[in-house]
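**Q** Dumping the structure here so I can ask a few things about it.
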Amino acid sequence: MFSLDKALVATVIAAFVAGGAVAATAASGAHPAPSFSYIVQNAGTEYLTKSGLTATFPGRLETGDQIFSRDTLLRGSTRIGYDNMTCTVTFDSNDLCHAISVFSGKGDVEATWLWVGRNSSQYGPEHFAGVINGGTGSYRNTRGQFEADVQPNGALKITAKLS
């Protein structure tokens, strides 16, 4: 069953899968493809609430609480980089999330999204979208958007579009 911690990881996956796909496309010089797949392994999540910092999900989050995560990005079994993400709980059960994917020897890709309704259910939304803001190094001109759909097995289907 998809837990709230897994839902958080799924969000991170979406942002960085999209960022990784954009980065890989930019690095290869190829035109962007309609969909991409990557494996993302969570390497840690911390929650900062009024009660303090904990690695255990503290229950329903409140406005101002923050979530910090790091993932290992893989293509097949090859490590292609990592990501760092922070989400701040805003209003109306939404989280404002900001993530940076670091691709070894290539550069960074930045993504932002509003995780609408994330705190109103145990699993969060089944669909969300965000902005690919730009990057550094090989990805300095990367711009676009991503959409993420949670699949029945907990994996994500990501579609990244460049403008």
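The values are calculated or read from the model by the stated rules, or taken from the named source; none is laboratory data. Bear in mind that the values here come from a model prediction, so they are computed numbers and not experimental data. Counting neighbours? That spans all protein chains shown, and the Cβs are built from the backbone with ideal geometry, glycine included.
**Q** So how many residues does region 71-99 have that are closer than 14 Å to residue 134 by Cβ and without any contact (Cβ under 8 Å) to a residue 24 or more places away in the chain?
**A** Here is the first cut: in region 71-99, the ones closer than 14 Å to residue 134 by Cβ are 98-99.
Filter once more, keeping what is without any contact (Cβ under 8 Å) to a residue 24 or more places away in the chain: 98.
Qualifying residue count, region 71-99: 1.
**Q** Now, a different point. Given the criteria more than 18 Å from residue 161 (Cα to Cα), of a type in the set (Val, Ile, Thr), assigned to a strand (DSSP E or B) and at pLDDT below 85, does residue 72 qualify? So that I can check it myself, show each step before the final result.
**A** Values: more than 18 Å from residue 161 (Cα to Cα): yes; of a type in the set (Val, Ile, Thr): yes; assigned to a strand (DSSP E or B): yes; at pLDDT below 85: yes.
Yes; evaluated as a whole, the condition is true for this residue.
**Q** Could you list, in sequence order, all residues of region 108-141 that are of a type in the set (Gly, Ala, Ser), at pLDDT 80 or above and under 23 Å from residue 91 (Cα atoms)?
**A** 111, 129, 130
**Q** Out of all the residues in region 64-81, is one or more over 20 Å from residue 43 (Cα atoms) and exposed (fewer than 14 other Cβ atoms within 10 Å of the Cβ)? Reasoning before the result, please.
**A** Taking region 64-81 first, the residues over 20 Å from residue 43 (Cα atoms) are 64-65.
Next, only the ones that are exposed (fewer than 14 other Cβ atoms within 10 Å of the Cβ) stay: 64.
Yes.
**Q** Taking residue 149, is it surrounded by fewer than 21 Cβ atoms within 10 Å (Cβ to Cβ), in contact with an Asp or Glu (Cβ under 8 Å, 6 or more places away or on another chain) and either modelled with pLDDT under 90 or under 30 Å from residue 58 (Cβ atoms) (or both)?
**A** Values: surrounded by fewer than 21 Cβ atoms within 10 Å (Cβ to Cβ): yes; in contact with an Asp or Glu (Cβ under 8 Å, 6 or more places away or on another chain): yes; either modelled with pLDDT under 90 or under 30 Å from residue 58 (Cβ atoms) (or both): yes.
It is true that residue 149 is surrounded by fewer than 21 Cβ atoms within 10 Å (Cβ to Cβ), in contact with an Asp or Glu (Cβ under 8 Å, 6 or more places away or on another chain) and either modelled with pLDDT under 90 or under 30 Å from residue 58 (Cβ atoms) (or both).
**Q** Go over the candidates 54, 49, 25, 78 one by one and state the one that is out of contact with any Asp or Glu (no Cβ under 9 Å at 6 or more places or on another chain) and modelled with pLDDT of 80 or more. Spell out how you get there, then give the answer.
**A** Values: 54 fails: out of contact with any Asp or Glu (no Cβ under 9 Å at 6 or more places or on another chain); 49 fails: out of contact with any Asp or Glu (no Cβ under 9 Å at 6 or more places or on another chain); 25 fails: modelled with pLDDT of 80 or more.
Testing whether each residue is out of contact with any Asp or Glu (no Cβ under 9 Å at 6 or more places or on another chain) and modelled with pLDDT of 80 or more leaves just 78.
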